[in-house]
Structures are given as structure tokens and as C-alpha cells.
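The next block holds one structure in the form of C-alpha cells; read it before the comments.
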Amino acid sequence: MLISVNWLRDYVEIPDSLDVRALAERLTITTAEVEGVEHIKTGASGLIAARVVSIDPVEGKPSLKKVELDLGGKSARVVSAAPVLRVDELVVFAPPGASTLESGKIESTTVADLPSEGMILPGSAIGIPASDKDAIFCPPSMKPGESIDAKMLDDWVIEIDNKSITHRPDLWGHYGIAREVAAILGKPLKPYPVVDLEKLSDKKQSEVPITIDDANRCPRYSALKMTGVRAQAAPLWMQTRLGHVGLRPIDCLVDLTNYIMADLGQPMHAFDGSKIECIEVGLASDGNTFTTLDGIERKLSSEALMIQSNRKSVALAGIMGGLESEVAGETQTILLESANFEASGIRKTCAALGLRTDASARFEKSLDPNNTVLSIQRFVHLASAEFPELQMASRLSDAYPNTLADITVEVDPKLVTRTMGHPVNEKQMTDILTAIGFGVESKGGKLSVKVPSYRATKDISIPADILEEIARNVGYDNIVPRLPEVQVRHFTANPQHITERNALQAFCMGLGYSEVHLYIWYDEEWLKRLGFKPVAGPVLINPSAAGQAQLRCSLMPGLLQASDRNRFHADAFKLCEVGTVFREGPDSRNQSRHLGLISAKRGKGGDDDLFAGLKGDIETWAWQTLGGDLQYEHASKNAAAPWTHEHKTANIVAKGTTIGTVSVCPLALRRNIDEHLSAWSIAWAEVDLDLLHDFKVESKSLRRVPEHPEVEMDFSLLIDAGSPYATVNENLARFDDPLLRRVTYVGAYEGKSVPTGKRSLTYRVLFGSPERTLGEEDVSAVKASFEKHIGSCGYELRR
Amino acid sequence: MDVGELQQTLSKLHQEAKADLAATKTLDELRSVRSKYLGKTGSVGSLMGTIKDYPPKQRGEVGKTLNSANKAIGELVNEHTERIGSAEVAADAATSTAFDPTLPGERSRLGSVHPVTAVQWEVEAVFERLGFTIEAGPEMETDYYNFEALNIPPMHPARDLQDTFWLKNGMLLRTQTSPVQIRAMEKFGAPLRCIVPGRCFRYETIDASHENTFHQVEGLMIDRNVSIANLIAVMKLLLNEVLQREFEIRLRPGYFPFVEPGFELDIACLICNGKGCATCKRTGWLELLPCGMVHPNVLQAGGIDPNEYGGFAFGLGLTRLAMMKFGIRDIRVVNSGDLRNLVHSDRWAGPVILDKD
């Protein structure tokens, strides 16, 4: 919202010596965020009003007009580019010798071979950018030749972030901002200039009949009929101010309602009084249409609140008037509406219609119902000066079925001081609150604070709200920071946090993985390339892009996409993501945290090495996190995702629980993604970290160095290629001999010296005794008996 | 062999050993020469075993003769050990002249965490030192935790400020980490000190400075007598520690339904030091940290008595902080998975000799 400093000066004395930027800074710190400050400098001098006498076309130049002007006793001929000019109307004119910053010094010149003695000024030249190239019309009260006071054209404009005042209906007009400025500067706020209520309450006048069907949606509706208005320009000072705050001057009546909206924050609507006899406020019929004054026919739902007259819709309540009852050039009587509408109803209707206006934006903030009458008083005050024939055609009619309750908040000054952590005495509190319109009474050590109606609609209702008013006016920068004094308390660690930090520390701060963060929704295009159809899962109603509605149930599609991206820039990389995956189901298990790993390397035939390396990384992490070894189970081939290899896939098993899968990407998948990936090897793993929360890290005793030396020997076993490693282990572990201390796995080999259909597994065996050093004969005996055991298991020794 | 012959033999062997030793170039050669003569089966050593073949009267003399021969060769060996040793030292010193001790070492590839994680861990460390626990919560949330319990009833205008991703199952993607405030209160009650780092989602158009997926860290402290002065002190400490420098902060009114009063905490722009530049939109300040005193309705929703306890809460944009700390100009790289943008590759590539960036 834009705020004109000239305008503020109507209500509070702002010293000329005060830098407006400094004032803006203070507003930001105490009230609402200022987004920018602009100095409007027109450099105007020598401007006068001029009456248009005649308008003629310029041959061959359709955009130009030959205009004769009456300058009051003398005339001038100019060539003008103003798009709209009307005979007899007064315009702002710069005769030769006058100047503005935008046009420079005006001189008599020739345009299109015609003499041009001055310039009909465009709006932009005097700080009304909304009017751009349009001429500025003067009100009929001005005389041709009358000079224009340039002082009102220069101004400062403060831009306030609308988001910072969504909770402050009072700040949507200059008077509310002026109240804050007055408090900041310690100056009095001048009374709001209005006509006396009595003047509008002539009992001899009839009342405008007002019926309100839904008092919740329309707590108050005030109206007044007036005659003696006509189409004419608003006073220049008003046009200028409207222009400075971004509103385009149109016509005195419209400008008056806009001015009051920007002044008090109260939207008003002027109906053509000859077309409206009574006011009925009620809900629309579902499916009806209504043409708003922008000429658009709108389909209504039964939630839309309408203003009707004799059951004929005349306005979308609080949003926009209707085309038919709009004030037109010949209008002499108006019915002025100033109403209060309930905020969420307006919001809903605006959302349903896709229409937001300056008026609806304000009603959405829960406006003060007391402003309906006040704004009518203000209107009459301003209009009387412009329309000498203005007369009341009704008395002020006011339906107020849903009265705003008074709010009084009891505040404990000690609690205020304690919560601020800063000493403020009762007098300071009272002064601050009084300055911004609150009523304060001291009662038995407590402050009884009466909330003014413009803050009482939803903004302020509890002591914390009053505390904020005090604290922000004391100034947060005056509060001295102090660390809290606390009661020590022990919190049980969050297992999710611990598990994830451990995983990232192991993989990304030791094992060489680079962590990535990827989107939590699938990209259908990418899934197509993978040839993957996910099972049904949670789906977004409003995805960020088409085809990105389903939430991921695996980290792998994203990680594969990241791999495809990174392969251009590296010959090998390892990726890691810890993220959420989703599924439909009961709350407790509809999302879980997964660990996804990728190990990729350029070059064919690297599958087995990468697979083994990845498993080794997982085992290293498992040792740190779970304090023990993992097992692998041959995974079933059913229902596998396309990134799962038909044979080279294992379930990762920790303490009897399957926690994840490790595999390599099959060639078919890599080809589907991109031909170039057929020359890559990619191993991957995905682990459900939530399953690890209950695992305790067992602290194992370190192995003691034997007192008597042990003998180490390697045995390579030739086994059937199909015989699983786990079975071999079980069989070896059955060998029972007091001298056998330990068997560990060394490695597997398939190659030249191994017969087809077989593979070789190598184990390292330690023989020894805690009591003595073994002799040669002990060793050969136990070795022979171990070899015999191997033979009895059906395995051959590879020599 | 009589004693005389023995002496002759020994002196011959002495001469031979002398020549052999002189020819040695390495300690290995020296050791084999030594055992050739002095070893158990060596030419002198083996003679030691013959003492018992001499008549008892001669044995003393033979023994002396053998011993002195043995000793003499032993001394020769020592001399040559010395010679070869110093030659090797000299040779070693000579080869080392080509060695450049200033060359960089060979680096290990340890991996890298995401910039956001790196900053998150720093924030966690600061709060762990202050006795805060670290909590987590779900990314797919209910309307109740994300809005209602946080004093944002249906149709509240504040819902507009955070455009939401809605799910067909009636849930939503959390727009903030604040729902975990309620979850933590339900779990622990008061007094409570916790932070919650996590991912949040907002339905908005992505460009260089807007993302629909980003990280925040929520903070919550509930106790008796928690004040605005406490909030400012903790926020200042947090930012000073994480950004590793002192700078000005300011608190100004900000509206968030779940706090009252609510604040926006700005820091003096790190780019221009508060003078005003494009980054801070010429204001000299960067909006970084919405915070405030927990609204009584929120305490109540979390099952805590607002008459007994109060507290502060804040929400720090971790993604934003990571961008500031690591000079990331375009927010889109954060979720790109493109390692060129996420990893200090110099860390393992090797030292940078020239960098024109």
C-alpha cells in the first residue's frame, strides 16, 4: 500500500526537518514493513488552468489535436497529444515559461507545422503516473488562467508491504497510519474531519429502507441519498494524492469514494440514486449471473452475498458494483453505500469468482463497523466543498443488526515487564496505549485496557496482544538481550535424528558419497524412461507441474535421474540421499525415511566390483551404527522395479529384519535411460532407516591378543557355483575342535584355475590354544582334521 | 692341524676377509661376508668347534688364538659397517635433493554432505550446546498440525500467505516445520527446548530465488519466565556462531498467527554491510528469521497451560542460510542433484592454482 506524506500531514504534524527515510525506518521497526520510499519531484512552476475552447483535428496526424484554449483574458493555440479532451472543460496547462522536470522549460514552438504556444500537461508530468498521457482536468470551481499551487504536486510516498498489515484493518488507510506516526513522533493525532451527524439526521427526510437477511455476513449497512452532484473533475489536490498512491483519478464522485477508501480504509460505493429505492442484502441464488461494472458477466454461487434493490441485484457485496446501477455522466442523485461485510465470506466469494478488488482486499481484513457512518460523514464533508448544490435526499440510514462487542483486556503490568525482559512502568504503558487510541484504567495493580473498535474486530483480544502494542512502541531495539535462565531437563534422543545423522556421517564424511536432496514427487516423463509404473500412492491435488503429482515411494528414480545428470561430468561418483518416501495407509506407516545409495562408474563389466564395494560401504556403516555384521539374502525376483537386477540382488538383513535391498542396474534399464549408460556400471541400495530406530548399538569387547602365538592358515574351497555362501559358512562353523579359534571370510574367485561350474571361496583360519604354544604336530593334526571336515561337507580343497 | 698351521690359516683367512669386506657395498653383502667367516658354519666360526680336538694343554692357546682372530675380523666388520652405513646415509641424502616437500599430498575422498546439511549440523551443534533436543516430524502432515493447532483456523487469511500442496487423501505437505512444535509439546510437555530441522513445501513458482521445496529449522523454548530479551539473545548467538561473525540485527513487528507478539528478525546485509545493495533491495537489511512469543492458543493445543508457561519460537530458513554461507546464487541448484553445484570438488581434486571466478 502506498502512503502519501502530504496526506499524513493533514492528521499529524511531521516536522520538515525529519528525513522521511528515517520516519519510514521507524515505521518498519514499530508498525509495518516499509518496502520503499519515493520522492515525487515534479519541478513544476508557472502552471495554470485553461479552458478548452475548440478542438480540431490535425491533418495526417490522427494522434494530435489542434486546440484553442482560454487562459482567462487571453487565448493560446496548442497542438496536443492528449487522447481525450472536451470543449469547455478546464485542463492543467503549461504556458511558455512554465516548466516541469519531465517536460523541461516550455517554449512556443511548432508541432506538425502548426504553432503551439504551451503544453496541455499529461498526468505523468505532475506525479500521476496512473494517468500517464491523459490531460489533467480541473474542477469547475477553478477559473481559466488561475495559477496552480505547485507545492501540492511534490510529495514523498512510502510503500508499505501489504503482507505486514494483513492483521491490521486500521492500517489500510492514511488516518490509521497517521495514528501510528503520531505515536512514534509523540505528536497529537488531529481529529478526523467530518460533518456533524446531526446534519445528516434530519427527521423530515425519509430513510432508505435497508433489509439485511444475513446479519453475520453483513453486520452493518449504512446509506445516504444525495442530490446535486454531477460529473466533474475532483479538486487537483485530491487527484494528485490519489495519483501518488497509485489510484487513477476518474471523476469527482468515484474519486471521492476512492479517496475515503485510501483515507479511512472504508470502501464505499455510489449507486445511481435514481435507480435504487431500497437496499436488500442477501445471498445470491445458485447459478444466477450478474454483470459487474467492469462489464463481465459472472456466475454466482449461493455463497455470494448480493446487494439488491427490489430483488434486483445491484452489487456484489463488498467486491464490485453492477454495471446497470453505475453512476453515469447524467447522474444527479446518488445513493451512497458504506457497509461492513464479514471477512471470510468475502474471501470465499472472491476465491470462487477469481476476482479481487481494492474493496474486497480491505473487507477481508475485518473492518471496523463504526467506519460505515464515519465515512459517510467524511464523504459529505468533502463533497460539500465540490458540489455547491449538494443536498440530502434521505436521512442517514443505518442498519446495524450485529453490533461489535466492546473488548476490554485485563493486563498485569508485572507480566508485561517479565515477558518483555525489560522494565517499563505503568505510566509508560498507559501513555503508549493511550497514544494509539486505547482506553486505560488502573485497577488494583492491573490495567484494564479498552480496545478501540478499529483494533477490536479480530486483531486484539488477549493480554499478549496488548503486550505487543506496548513492546513495539517501547522499541524492540531498546530491549537488552539476555540469555534465559533454565531448568535443566533431559530429553530422550529422537531416534530418527540420530539414525539419519549417523548414516550421513558414515557415508558422506568417510565412505566417499556426496549427499543430494531431490524432489519428493515422481516425474512421469522420467518414470516412462525407466519403464516404471509405481503402485498407487499419495497424489497431489495441485502439483507444481503436470505429471508431477504422485509422491515417491522409492528414492531410486530420483537418484537415477541425478546419476544421469552427473555422468556427463565425472567418470565415477557415489550419491547418497536421506529422504521421505510415501505410501497410502494408516498414519503410522504412510511415510518413512529411506537411505538411497548409488555407486556409478564409467566402464563395462564393473557390476560385480561396484556391487561388492557398495556392500562393503553398507557393512562399514552397519558396524558403526548397529555394532555388528549384516546378512544378505538372495532376493526373490517377483515384483521387482526395473532398476533391480534379476540375479544380482540381495536383501539386506540386520538382526533378522530385512531393512533394504542392494542390487545393480540391469543393462536393459541403462539402455532405456540412455544408450551411453550401457557403458556404465551402477550399483544401488535402498534402506528403510525407520526400521533401525529400535536397534541398540551393542558395545562389543575388543578381541584380546592371545598369550600364546596362533597359527594362521588360508583354505580355499571349491564349491558348486550355485551353493550359497551362507550354507558354506554354516557347514564350516560345525567343525568343532578346541584348537580352532576363528574363521573369517577372505574372498571369492571364479576364473582360469577354477573348473567351470565351480567357484572358490577362501577362508582364513586361526589355530591356537589359550594354554600353550602349539607344536608342529598339533597344527598338522588340527589342519588335517579341518580338511577332513571340509571334505565331509562335500567341498574340495583348491591347492 | 697344529697350532702353527692354525695360526697361518687364520692369518690367511684374515687377509681374505679383509679383501672380501673391502669389496662389500651394502649391509646385506656385509652380513653375508660376516657369516661366511664368523657364522657357526663360517670358515673361522667352524674352527671354534675344533678346540676340543686339541690336547688339553694346547686348548687354552688355541682358544686364545681363535678368539683373537675372531675378534680381529669382527672389528673389521664393524669398521666396514660404519663405512657402508655412512655411504648409505650420504647416498640417501644425495637422492633427497630432488625431493620437493612443498608438493601437495594425496587426498582421500571422504564424500560430502549437502550444503544445507552442513549448515543444519552447525545450527544443531549450537543448540545442543544450549541444551536443546533435536526433533523430527512428518513431511506429509494433517491440516490440524500444520494449521489449526497453530492458531490458523480454516478460512484464516494467513493460509493465503503459505500456498499449500494439498493431497487427495486429505493431508498436505507441511508448509513449515512449525507443526512439530505441537508434536514436541505433546511428547515432552513443559519445560521444553527443542529444534526441528526439516524439509518444507510451498506451492509456488520456482525461479532463481524461490523454491517449492526447502529446509527450515524450527526452534521452540518453553519455560517459566521466558522473555523477548531471551529470544533476542538466543537468536543473536545462533547467527553469530553460524555465520562466524558479529553483525547487527533488528527485530520488528511481524504477523504470524502462532506467535504473539510476532517478529521479523533482520540481519544487516552481509553483502553491503547495511549500506544498501541489490541483494537487500537497498534496505541494508536481510529478512532471515520470523520468530515470536508462542501464542497461548498454541500452548493450549500442545497441552501446556499458558498461565504457567510461556516461550518463544522461531523458524530459520536453512536453505537461505546455506545459500548465504556458501555463496549459492540460484536456489534451484539446491535440489538439482548436480554435484558440480553442491560439492567443493577442490577438496579432493587438488589445490587451485588459478581461479578466474
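The values are calculated or read from the model by the stated rules, or taken from the named source; none is laboratory data. These numbers were taken from a predicted model, which means no experiment stands behind them. Cβ sites come from the backbone with ideal geometry, for glycine too, and all protein chains shown count toward neighbours. We work out accessible area using only protein heavy atoms, side chains counted, and drop any ligands, DNA or RNA first. Shrake-Rupley method; radii C 1.70, N 1.55, O 1.52, S 1.80 Å.
Things to note:
- If the condition is being in a loop (DSSP other than H, G, I, E, B) and of a type outside the set (A, V, I, L, M, F, W, C), then the range B:166-199 contributes B:168, B:169, B:170, B:174, B:175, B:176, B:177, B:178, B:189, B:191.
- The residues of the range A:512-551 that are touching a residue at least 12 places away in the same chain (Cβ under 8 Å), outside any loop (DSSP other than H, G, I, E, B) and more than 14 Å from every other protein chain (Cβ to nearest Cβ), listed by number, are A:524, A:525, A:527, A:529, A:530.
- Residue list for the range A:418-431, restricted to those being open to solvent by 30 Å² or more (accessible area, probe 1.4 Å), touching a helix residue (DSSP H, G or I) at 6+ places or on another chain (Cβ under 8 Å) and either in a helix (DSSP H, G or I) or among the β-branched types (Val, Ile, Thr) (or both): A:419, A:426, A:428
- Picking from residues in the range B:135-149 that are of a type in the set (D, E, K, R) and in a helix (DSSP H, G or I), the one that is least open to solvent (accessible area, probe 1.4 Å) is B:143.
- Apart from one condition, residue A:642 fits all of (1) in contact with a strand residue (DSSP E or B) (Cβ under 6 Å, 6 or more places away or on another chain); (2) in contact (Cβ under 8 Å) with a residue 60 or more places away in the chain; (3) farther than 23 Å from residue A:695 by Cβ; the exception is (1).
- Residues satisfying the stated conditions in the range A:172-217, i.e. closer than 25 Å to residue A:316 by Cβ, within 14 Å of chain B (Cβ to nearest Cβ) and buried (at least 17 other Cβ atoms within 10 Å of the Cβ): A:172, A:217
- From A:486, A:474, residue being buried (at least 16 other Cβ atoms within 10 Å of the Cβ) and more than 7 Å from chain B (Cβ to nearest Cβ): A:474
- Residue tally, condition under 31 Å from the mean Cα position of the chain (by Cα), open to solvent by 10 Å² or more (accessible area, probe 1.4 Å) and at the interface with another protein chain (Cβ under 8 Å from one of its Cβ atoms), over the range B:182-214: 2
- Being of a type in the set (Gly, Ala, Ser), within 14 Å of chain A (Cβ to nearest Cβ), open to solvent by less than 30 Å² (accessible area, probe 1.4 Å) and more than 30 Å from residue A:348 (Cα to Cα) is a description that does not apply to residue B:74.
- Candidate set: the range A:703-742, residues that are at pLDDT 90 or above and among the aromatic types (Phe, Trp, Tyr); chosen: the one surrounded by the most Cβ atoms within 10 Å (Cβ to Cβ): A:715
- Check on residue B:333, open to solvent by 30 Å² or more (accessible area, probe 1.4 Å), without any contact (Cβ under 8 Å) to a residue 60 or more places away in the chain and within 26 Å of the chain's Cα centre (by Cα): no
- Residue among A:650, A:635, A:640 that is modelled with pLDDT of 90 or more and surrounded by 12 or more Cβ atoms within 10 Å (Cβ to Cβ): A:650
The rows are residues; the columns are (1) among the acidic types (Asp, Glu); (2) within 22 Å of residue A:42 (Cα to Cα); (3) in contact (Cβ under 8 Å) with a residue 12 or more places away in the chain.
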{"site": "A:68", "(1), (2), (3)": "yes, no, yes"}
{"site": "A:76", "(1), (2), (3)": "no, no, yes"}
{"site": "A:82", "(1), (2), (3)": "no, yes, yes"}
{"site": "A:92", "(1), (2), (3)": "no, yes, yes"}
{"site": "A:136", "(1), (2), (3)": "no, yes, yes"}
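- Subset of the range A:415-457 [within 14 Å of chain B (Cβ to nearest Cβ) and either touching a residue at least 12 places away in the same chain (Cβ under 8 Å) or over 20 Å from residue A:479 (Cβ atoms) (or both)]: A:415, A:416, A:419, A:420, A:421, A:422, A:424, A:432, A:436, A:455, A:457
- Residue count, the range A:308-317 (criterion: within 19 Å of residue A:397 (Cβ to Cβ) and buried (at least 18 other Cβ atoms within 10 Å of the Cβ)): 5
- Applying the condition of being open to solvent by 20 Å² or more (accessible area, probe 1.4 Å) and hydrophobic (A, V, I, L, M, F, W, C) to the range A:1-20 and asking which residue is nearest to the other protein chains (Cβ to nearest Cβ) yields A:1.
- The sole residue among B:54, B:37 that is buried (at least 18 other Cβ atoms within 10 Å of the Cβ) and among the aromatic types (Phe, Trp, Tyr) is B:37.
- Verdict on residue B:241 being without any contact (Cβ under 8 Å) to a residue 40 or more places away in the chain, more than 7 Å from every other protein chain (Cβ to nearest Cβ) and at negative phi: no
- Taken together, the criteria exclude residue B:112 from residues that are in contact with a helix residue (DSSP H, G or I) (Cβ under 8 Å, 6 or more places away or on another chain) and open to solvent by 80 Å² or more (accessible area, probe 1.4 Å).
- Filter pass, residue A:460 being open to solvent by less than 50 Å² (accessible area, probe 1.4 Å), more than 9 Å from chain B (Cβ to nearest Cβ) and in a helix (DSSP H, G or I): no
- Residue satisfying all of: in the range A:595-627; part of a helix (DSSP H, G or I), polar (S, T, N, Q) and closer than 23 Å to residue A:746 by Cβ; farthest from the other protein chains (Cβ to nearest Cβ) among these: A:624
- Test set (1) in a strand (DSSP E or B); (2) within 30 Å of the chain's Cα centre (by Cα); (3) crowded, with 21+ Cβ neighbours inside 10 Å - residue B:238 fails condition number: (1)
- Subset tally (residues that are closer than 19 Å to residue B:165 by Cβ, outside any strand (DSSP E or B) and open to solvent by less than 20 Å² (accessible area, probe 1.4 Å)) for the range A:558-594: 1
- Given (1) surrounded by fewer than 23 Cβ atoms within 10 Å (Cβ to Cβ); (2) within 12 Å of chain A (Cβ to nearest Cβ); (3) of a type in the set (Lys, Arg), index of the condition residue B:252 fails: (1)
- Within the range B:294-316, the set of residues being more than 40 Å from the chain's Cα centre (by Cα) and within 14 Å of chain A (Cβ to nearest Cβ) comprises B:296, B:297, B:300, B:306, B:307, B:308.
- Segments classed as strands (runs of 3 or more DSSP E), wholly inside the range A:21-132, with at least 1 members that are touching a Lys or Arg at 6+ places or on another chain (Cβ under 7 Å) and within 14 Å of another protein chain (Cβ to nearest Cβ): A:34-40
- Residue under evaluation residue B:104, criteria (1) surrounded by fewer than 10 Cβ atoms within 10 Å (Cβ to Cβ); (2) in a helix (DSSP H, G or I), criterion not met: (2)
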